[in-house]
Every structure is written in structure tokens, then in C-alpha cells.
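Here the structure is laid out as C-alpha cells; the discussion comes afterwards.
The values are calculated or read from the model by the stated rules, or taken from the named source; none is laboratory data. For clarity, every value in this text was computed on a predicted model and none was experimentally measured. Positions of Cβ are backbone-derived with ideal geometry, glycine not excepted, and every protein chain shown enters the neighbour counts.
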Amino acid sequence: MEERAYSLVRQLRENINRVFIGKEEAVENLLTCLFAGGHVLLEDVPGVGKTTLAVVLAQSIGCRFGRIQFTPDTLPGDVIGVSVYNMKTGEFEYRPGAVTTQILLADEINRTAPKTQASLLEAMAEGQVTVDGNVYPLPRPFLVIATQNPAEFLGTYPLPEAQLDRFMMRLSLGYPEREQEIKMARLALKGQTPDTAQPVCTAEEILTAMEAVRAVTVKDAVLGYMEDMIALTRQETRFVLGASPRAMLALMRASQAKAFLRERDYVKPDDVKAVAAEVLLHRLALTPEARIQKADAAGILRSLILKAKVPME
């Protein structure tokens, strides 16, 4: 079964990279979140392929894809659904919202009001929504890929720390290299678009792989290594708050998924180090004094990761 799961991962990675050109590391991190059961925040300038990546992933794993374009007037009911009165039956009926899908693209999430942003929290944390006291489970696998433009863009509502903490990773795609961009243009001329990506597996196979990820061994020494990183962020005076216990769990699950993608059934310190920055950075905010001094949060975190004592294997 493990060999079949590893083969599936190889096919999936190759299939996505065939259409989504030149961003192998971003694809790897997205797959890490998928198999770990986490959610992804894609933060970058418009037009670099955030939507394309979400579409290609959904096509590749044969899952239902849903999209909601957030605007200042988007309501929570647009996201989670509403109860509508049926005059024929005399009863209220649930009309599902955009969240009732498997791969949800929450596009430009920071352009909508905080109340609407918060409507995603229950879905992301528990895989369900509650409307008028009734609980509706969401299909599995369920992955939210939220996109946002950088905070300095006008007309945005920055995500609060509590909601940022719900995302397993924050990723940035960046501009492609020259050759990669030319190759992308050539493929477009030949008619190869995200819609042409073929499924290489089913949702059931993804769920089976996710169970295999949960079974990846994490020894106590490696857990201690993770806890050392978390503790160092809490001791760092240039951060307002350190990483939360939820961050510790996200780091553990992401490390398990990274080991799985590397075709191992146990976690090594290198797996933890490979995902630590993407898992932790968006959960850490600089103090006002550190911002005035133009401190680099990413640089501080990198130094803390290096400072954590690596256990002997």
C-alpha cells in the first residue's frame, strides 16, 4: 500500500508541474498541506498563478472545485449557505454556499469584511458548517486555498492573528524565471491550459494517503526539536506573541506529510526544518519597536530555527 501511495505522489507532482510551470517548491508545499489536512494562504501580487494552481490541483485529484470571489459586500451566507423558506412544504430548506465543495478557492480573502472572513473558521477547523442551529458536514478531502494581495494594497481588511493561525502554511509564488515564463507562453499557444490537466487519482485515494500520513512515525526527540523551535519564538522579544499550540500541531502534521512526500514512514529533523518557516512565519507579528527598527521577521525566524538543537538520529 505504501508503494502505491508513493507512486501516487510522484504522479501527482509530475502532473501539476507539467501545467503549472517553474514553481516546484510551491507545488510541494501545497501537496504537503493537502496530505496533512491543512489549509493554505497564498499571498502574492495579482497574475502570478494563484488561481491556476488551485484549479490544476483540483483537476489532478479528481475533486470538486469551488470558487468564491470575496468583495466588501460578500455576506457570510454566500460562504456557508442559508436557510430558505419553501412555501410548498412549509419548511426551511438549506441552500449550500460556496464552501460546500472539496477544493475551495477563497479568492482575495482580505477584500471582504471580517465577519465574512470569520464564516470560514468552523469549516476550516472542523470540516462542517452550522446554519440556523443545524450542522452540515463538508465533503472530504476539504482544502481551503485562500489568496490575498499584499497588505499594502488599498481596500483590504488584514486577516487577524486568530484567523491566520488557522492556515497551516502561507506561501508566495513570485514571478517565474525567464525560461519558465517563455515555456508557459509556448504551452498556452498550444492550447494547454489548467482545464487540460487530467486526474491521476480519486478523492478516495487522497483520503487513503492522508491516513498513511497520520501513521508516519514521529519520535519524542523530534517532537522535542519542534517544541524547542516553538519555545524560541515565544522567548523572542521582537515578536508580539510566539507560536501557539496549534502551530506546534501544524508543524508536526506538516513534517509528517513532508516525510511522506519524501517516501519515508518516519520524520527526520530535516523534514521539520524544511517546513518550519512556511508553517510559523505568518503566525508571528513584530512588536511596534521592531517594526520601527525595520526588523526582518523572516530573518529572525530563520535564526531561531538554526538555534534549535538538532537531535541525534
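For the range 64-79, how many residues are outside any loop (DSSP other than H, G, I, E, B) and of a type in the set (Phe, Trp, Tyr)?
Selection size over the range 64-79: 1.
Cβ-Cβ under 7 Å, sequence separation 6+ or interchain: first residue in the range 115-139 and within 15 Å of residue 38 (Cα to Cα), partner acidic (Asp, Glu) and assigned to a loop (DSSP other than H, G, I, E, B). Which pairs?
Note: no pairs meet the criteria.
Every residue, every condition in (1) outside the structural domain of residue 15 (by TED's automatic domain parsing); (2) surrounded by fewer than 18 Cβ atoms within 10 Å (Cβ to Cβ); (3) of a type outside the set (A, V, I, L, M), yes or no:
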position: 202; (1), (2), (3): no, yes, yes
position: 225; (1), (2), (3): yes, no, yes
position: 247; (1), (2), (3): yes, no, no
position: 258; (1), (2), (3): yes, no, yes
position: 266; (1), (2), (3): yes, yes, yes
position: 272; (1), (2), (3): yes, no, no
position: 279; (1), (2), (3): yes, no, no
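Could you tell me how many of the residues in the range 80-128 are part of a strand (DSSP E or B), out of contact with any Pro (no Cβ under 6 Å at 6 or more places or on another chain) and polar (S, T, N, Q)? Spell out how you get there, then give the answer.
Taking the range 80-128 as the starting set, the residues that turn out to be part of a strand (DSSP E or B) are 81-86, 91-96, 103-107, 128.
Filter again for out of contact with any Pro (no Cβ under 6 Å at 6 or more places or on another chain), leaving 82-86, 91-96, 103-107.
Then keep just the ones that are polar (S, T, N, Q); that gives 83, 86.
Of the residues in that region, 2 qualify.
Which helices (runs of 4 or more DSSP H) does the range 177-273 wholly contain that include 2 or more residues that are under 19 Å from the mean Cα position of the chain (by Cα) and touching a residue at least 60 places away in the same chain (Cβ under 8 Å)?
Those helices (runs of 4 or more DSSP H) span 203-214, 245-261.
Give the range 105-122 a look and list any residue that's in contact with a helix residue (DSSP H, G or I) (Cβ under 8 Å, 6 or more places away or on another chain) and either under 18 Å from residue 206 (Cβ atoms) or exposed (fewer than 14 other Cβ atoms within 10 Å of the Cβ) (or both), or say none.
105, 115, 121, listed by residue number.
Among the residues of the range 1-23, how many are in a loop (DSSP other than H, G, I, E, B) and in contact with a Ser or Thr (Cβ under 9 Å, 6 or more places away or on another chain)?
2
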